[in-house]
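The values are calculated or read from the model by the stated rules, or taken from the named source; none is laboratory data. None of these values were measured; they are calculated from a predicted model. Using ideal geometry, Cβ is built from the backbone for each residue, glycine included, and neighbour counts are taken over all protein chains shown. Ligands, DNA and RNA are stripped out before the accessible areas are found, and what is left, the full protein with its side chains, is counted by its heavy atoms. Shrake-Rupley method; radii C 1.70, N 1.55, O 1.52, S 1.80 Å.
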There are 2 protein chains.
Amino acid sequence: MNLRLENIHSALKQRGLDALLVSLPANISYLIESLSRDAYLLVSGKENIYFTDSRYTEEAGIFLKDNAKLKISNGFVFKGIAEAALNLGLKKVGFEERYLPFAEFAKIKEYAGEKFSLIPTHSIVEDRRQLKDTQEVLNLKKAARITFLALEHIKQFLVPGVKEVEIVAELERFIRYQGGRGSAFDIIVASGPNSSQPHHLSGQRRLKDNEPVLIDLGVDYQGYKSDLTRVLFLGKINFLVRKVYDIVLKAQELAIKRIRPGAEIAEIDRVAREFIIAAGYGDCFTHNLGHGFGLEVHEAPHISGREASAVKPGMTFTVEPGIYLPGKFGIRIEDMVLITTKGCEVISGARHK
Amino acid sequence: MNLRLENIHSALKQRGLDALLVSLPANISYLIESLSRDAYLLVSGKENIYFTDSRYTEEAGIFLKDNAKLKISNGFVFKGIAEAALNLGLKKVGFEERYLPFAEFAKIKEYAGEKFSLIPTHSIVEDRRQLKDTQEVLNLKKAARITFLALEHIKQFLVPGVKEVEIVAELERFIRYQGGRGSAFDIIVASGPNSSQPHHLSGQRRLKDNEPVLIDLGVDYQGYKSDLTRVLFLGKINFLVRKVYDIVLKAQELAIKRIRPGAEIAEIDRVAREFIIAAGYGDCFTHNLGHGFGLEVHEAPHISGREASAVKPGMTFTVEPGIYLPGKFGIRIEDMVLITTKGCEVISGARHK
């Protein structure tokens with residue numbers, strides 16, 4: 001059994017739980033060290049059992065190794081989970097309350113009756129996933145590298161008349177040829193006024209001269225996700241756009257300077273936000289400063305003004321201040337940092353174009 | 001307010017519910033007739049309220065029209081939902097038990113106290129989504145058309161030495177240039193022995209001469225998803241592969257012939273399955289015969305041997321028998337059908353290569 005599973009066993013013991021039913025795919029993938037889909041993982045001190053359906057029999061048989069027993073349960077997975085808990089004599093079974101749908105909870109509970117209890121838990125696996133190990137850092141740096149190369153590659157395509165979706169298409173193609181599994185999320189190519197929507201759906205709009213183009217893209221490399229945003233420009237940059245760009249960039253620089261082990265997370269958000277407020281655009285910075293990334297593109301920690309906990313070595317998160325002027329344009333600059341024992345390393349490749 | 005929302009109002013009245021909290025993105029997209037993400041929709045006889053966060057303020061303001069009121073609740077959405085229910089004087093609020101995570105249920109319940117009750121429901125919106133209207137059929141046919149064109153386009157790339165992921169890359173690019181939002185799911189390109197895994201993750205393997213290549217791809221057009229599988233061949237086809245191919249194809253033809261309004265769904269699965277069993281490959285057909293498709297690539301109805309309900313006009317589902325010989329190869333042939341008032345129309349473009 002691998003170290004990650006052993007750590008969960010210890011965490012369960014500390015909490016007085018006999019087992020944890022893991023249902024978030026990223027958590028399962030982390031624990032079995034392979035990409036998992038359509039599965040549940042019961043982790044207990046006695047035995048780990050991986051439940052999936054017959055579409056995955058062959059691949060699961062290979063990647064599970066001695067980490068977990070394979071159980072194929074087509075259509076009766078919740079009954080299977082309850083029976084396994086009973087057979088193993090488990091009394092207190094934790095479940096991931098943020099990811100298990102109510103109906104699945106209710107179904108397992110029905111089979112459990114009075115024989116074992118289901119205890120809501122959260123963040124048991126996610127907390128461990130916050131601190132990346134060497135292999136994970138390598139995967140994330142590779143994902144970041146492909147992201148950077150994709151961005152360099154796409155610059156030659158940014159000419160007036162090209163559609164947003166065509167830029168997306170070329171980025172997707174390039175990422176796969178570079179060894180990525182694909183993009184980590186729907187790539188955002190937001191041209192001109194579309195850039196004022198932080199999560200624009202790339203569409204049929206054609207790029208125009210003298211406009212900004214916001215590109216937010218991520219790469220999935222071996223399940224590990226990167227996330228990078230740049231605003232590029234066609235032709236001349238008008239005065240207001242340049243001014244706002246410089247404010248966002250400065251806010252990001254100030255925040256990154258503050259990042260080191262022990263720093264309060266809320267304080268990092270605050271540094272960037274206060275600079276933007278002072279510049280008169282506080283109302284236009286409408287989201288958190290950043291988020292962790294790894295097996296999920298958004299994961300713990302949340303880099304928000306409400307997060308009182310401290311930065312720790314091994315964390316990886318984005319720093320992405322933005323200013324959005326509805327109907328006009330938006331600027332977001334997003335980089336990825338890795339927290340080291342001494343400070344913070346920007347792993348985006350180049351900081352800005 | 002649109003007809004779809006009005007139909008839900010009627011359904012709620014019939015069930016004695018004051019409101020329904022919709023959380024499945026596809027259900028919300030269906031009801032507001034626009035692509036929705038990161039949102040909750042409270043549908044009640046009195047008022048419909050759409051909850052999202054500030055990243056979507058601008059786009060939601062446009063697409064909601066008079067279908068729902070927009071409420072931006074960054075970080076406090078469950079409190080917002082409970083407050084809205086109290087303000088509207090709702091007493092019985094249904095929720096989607098299959099999609100609402102336990103923790104979200106618990107949080108709303110905590111705010112609700114004794115003031116309103118949360119009632120588990122399922123399939124209220126999904127049942128309606130099973131029967132596609134004219135506009136939906138047009139979108140699905142367009143998605144199917146792009147899928148077919150992509151498959152035709154890719155044939156020239158199928159030469160020995162090309163990697164699976166490179167085929168995926170080219171398909172993705174093509175789909176977007178044709179006006180698709182992208183692929184509807186991770187495209188499966190499974191070459192040679194990889195084809196024996198029904199849900200293979202396309203990888204670095206290179207295509208070889210005299211091997212089958214299974215391609216399972218779908219297109220997202222305006223949120224509507226297609227799903228098509230073909231097995232193509234490089235060089236010569238060996239005897240066993242040809243034999244299995246013919247069995248799968250015949251099983252599919254028999255099933256499709258049986259599809260008409262009023263036919264029992266289980267019976268359609270049975271026809272294909274019994275043919276494959278009689279041919280000696282029953283153990284190798286390890287999944288259901290098919291599934292509905294629309295705003296989700298897998299949705300109701302499930303075309304399974306356990307589904308006693310009847311086929312109805314307006315349904316769209318896949319028919320995809322498969323035979324998988326682990327370590328050797330797999331054959332799956334998947335087509336999309338639309339149920340008409342008289343029978344069934346195969347909307348995959350060409351039936352088989």
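Residues in the stretch A:254-269 that are part of a helix (DSSP H, G or I) and open to solvent by less than 60 Å² (accessible area, probe 1.4 Å): A:LEU254, A:ALA255, A:ILE256, A:ILE265, A:ALA266, A:GLU267, A:ILE268, A:ASP269. One residue stands out among those in the stretch B:173-191 that are touching a Lys or Arg at 6+ places or on another chain (Cβ under 8 Å) and open to solvent by less than 10 Å² (accessible area, probe 1.4 Å): the one that is nearest to the other protein chains (Cβ to nearest Cβ), which is B:GLY182.
Might you let me know whether the stretch B:45-58 holds any residue that is farther than 30 Å from A:ILE331 by Cβ, polar (S, T, N, Q), surrounded by 17 or more Cβ atoms within 10 Å (Cβ to Cβ) and within 14 Å of chain A (Cβ to nearest Cβ)? No, there is no match, as no residue in the stretch B:45-58 is farther than 30 Å from A:ILE331 by Cβ, polar (S, T, N, Q), surrounded by 17 or more Cβ atoms within 10 Å (Cβ to Cβ) and within 14 Å of chain A (Cβ to nearest Cβ). Entry remark, the stretch A:17-38: residues being of a type in the set (A, V, I, L, M), closer than 16 Å to A:PHE78 by Cα and open to solvent by 10 Å² or more (accessible area, probe 1.4 Å) number 1 in total. The residues on offer are B:ASP209, B:ASP216, B:ASP283, and the sole one that is free of Cβ contacts under 8 Å to residues at least 40 places away in the same chain and either farther than 13 Å from B:GLU320 by Cβ or not assigned by TED's automatic domain parsing to the domain that holds B:ILE124 (or both) is B:ASP283. Checked against (1) open to solvent by 40 Å² or more (accessible area, probe 1.4 Å); (2) touching a residue at least 60 places away in the same chain (Cβ under 8 Å), A:GLU152 passes all but a single condition, namely (2).
Could you tell me whether A:PHE116 is among the hydrophobic types (A, V, I, L, M, F, W, C), touching a strand residue (DSSP E or B) at 6+ places or on another chain (Cβ under 7 Å) and more than 22 Å from A:VAL337 (Cα to Cα)? Yes.
Among residues of the stretch B:104-123 being surrounded by fewer than 20 Cβ atoms within 10 Å (Cβ to Cβ) and assigned to a helix (DSSP H, G or I), the one that is nearest to the other protein chains (Cβ to nearest Cβ) is B:ALA106.
Listed here are the residues, each with its yes/no results for (1) open to solvent by 50 Å² or more (accessible area, probe 1.4 Å); (2) in contact with a strand residue (DSSP E or B) (Cβ under 9 Å, 6 or more places away or on another chain); (3) at pLDDT 95 or above; (4) part of a loop (DSSP other than H, G, I, E, B).
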residue: A:LEU295; (1), (2), (3), (4): no, yes, yes, yes
residue: A:HIS302; (1), (2), (3), (4): yes, yes, yes, no
residue: A:PRO313; (1), (2), (3), (4): yes, yes, yes, yes
residue: A:THR318; (1), (2), (3), (4): no, yes, yes, no
residue: A:GLY330; (1), (2), (3), (4): no, yes, yes, no
residue: A:MET336; (1), (2), (3), (4): no, yes, yes, no
residue: A:ARG351; (1), (2), (3), (4): yes, yes, no, yes
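Criterion first (among the basic types (Lys, Arg) and closer than 30 Å to B:ILE28 by Cα) does B:LYS312 satisfy it? Judged against the criteria, B:LYS312 is a match. So B:ALA272 fits all but one of (1) farther than 28 Å from A:ILE62 by Cβ; (2) assigned to a helix (DSSP H, G or I); (3) open to solvent by 10 Å² or more (accessible area, probe 1.4 Å); what number is the exception? For B:ALA272, the failing item is (3). Let me confirm something: among A:GLY305, A:GLY294, which residue is touching a helix residue (DSSP H, G or I) at 6+ places or on another chain (Cβ under 8 Å) and over 26 Å from B:THR57 (Cα atoms)? After applying the criteria, what remains is A:GLY294. If you go through the stretch A:218-240 and pick out every residue that is open to solvent by less than 10 Å² (accessible area, probe 1.4 Å), touching a Lys or Arg at 6+ places or on another chain (Cβ under 9 Å) and not in a strand (DSSP E or B), you end up with 3. Evaluating B:THR147 against the criteria (1) polar (S, T, N, Q); (2) over 22 Å from B:VAL337 (Cα atoms); (3) under 15 Å from the mean Cα position of the chain (by Cα) leaves one unmet condition, (2).
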